[in-house]
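Heads up, the thing below is written out as structure tokens.
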Amino acid sequence: MGSNGSAPGAARLQLVDGVPLLRPAEQVFDAMLDGWRNQQLARNLAASTVEGRRATVRAFATAANAFPWQWAPQMLDEWLGDLRSIRHVKRTTIRSYQDAARSFCQYVTDPAYDWATQCEARFGSHPIQVVHEWNTAVHVQENEADAAKRAFTLRELHTFFAYCDEQVDRIRSFGRKGWLPAFRDATLFKTAYAYGLRRNETRMLDATDFGRNPRGTEFGEYGVCYVRHGKAKKGSPPKRRSVLTVFGWTTDVLDEWFSEGRPLFGVGRHRNEQPTREAALLVEFREPADLQPERRHTIRADQ
């Protein structure tokens with residue numbers, strides 16, 4: 001609660017009573033977005049989620065050429081219809097836009113935040129909910145991945161990993177320094193496949209995230225991978241999980257990296273040193289390996 005007992009994001013915390021506004025419509029709209037940001041941050045939502053939602057609401061307001069107290073469901077229908085028919089936006093993206101607009105409208109129409117009263121006094125109108133059950137997409141299927149997005153076949157995986165290893169040998173044979181990042185990238189892809197990791201999970205792995213498995217002693221120090229930065233649920237910290245090692249070659253890959261490759265980067269054993277552009281690297285390595293560049297591949301099938 002605010003210092004005067006108001007909820008985070010309340011109108012009275014964003015606008016000063018009795019002070020005239022130079023551009024009332026724009027300033028009230030900005031204050032709404034600022035208050036909505038505070039309300040979402042109070043719910044422990046990630047900053048990236050909050051900013052993405054704010055950008056979506058601004059895009060809708062620009063497309064509709066209207067402020068929230070002027071919105072109508074038809075405006076939302078027209079905007080989303082254009083996105084589907086002209087820009088060919090994906091179904092999941094459309095639903096995320098609808099969720100953002102619904103959440104914003106719920107916020108500005110909630111009496112606890114007093115925005116309806118402010119808008120009535122200043123503009124003679126008030127916001128309404130423009131997102132309803134009858135004009136939104138329903139999430140009925142758990143996996144909505146594009147059918148064209150598939151995992152590598154075993155043959156493609158072998159070709160891809162072989163190409164990654166060839167790049168290391170080729171660059172090193174020329175005496176160039178780029179062989180070490182290439183070595184790191186090859187290890188990254190193999191690790192992601194071995195443990196079924198998402199991109200951020202792979203990027204955030206550290207040396208301390210591997211341990212012994214009492215029932216898999218043959219894997220030594222790399223019998224289990226402790227994922228500390230898993231996909232989080234709404235308002236919650238990253239989800240943790242443990243993934244057991246199943247491929248015999250995994251220990252050789254990791255041991256070679258930690259004993260020979262990583263020390264050459266000049267980093268300590270407890271510092272993360274992974275690239276952040278896995279998706280770009282996948283495309284960069286995939287095409288020269290002749291793995292059908294017109295199709296999208298993924299090492300983890302449900303990424």
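Please treat every number below as a calculation from the coordinates, not as lab data. This one's a predicted model, so the numbers in the text were calculated from it and none came from an experiment. Backbone-built Cβ (ideal geometry, glycine too); neighbour counts: all protein chains shown.
In table form, for the structure just shown:
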{"quantity": "Cβ-defined net charge surrounding H126, 13 Å radius [Lys, Arg +1; Asp, Glu -1]", "calculated": "-2"}
{"quantity": "Prolate/oblate/rounded call for segment 43-91, Cα gyration tensor, a/c under 1.5 rounded", "calculated": "oblate"}
{"quantity": "Using alpha carbons only: equivalent-ellipsoid semi-axes of segment 185-255, gyration tensor based, whole Å", "calculated": "22, 14, 9"}
{"quantity": "Test item: Cα-centred dipole of segment 31-83, Lys/Arg +1 and Asp/Glu -1 on Cβ, debye", "calculated": "280"}
{"quantity": "When segment 68-203 is reduced to its Cα atoms, the Kirkwood hydrodynamic radius in Å", "calculated": "19.8"}
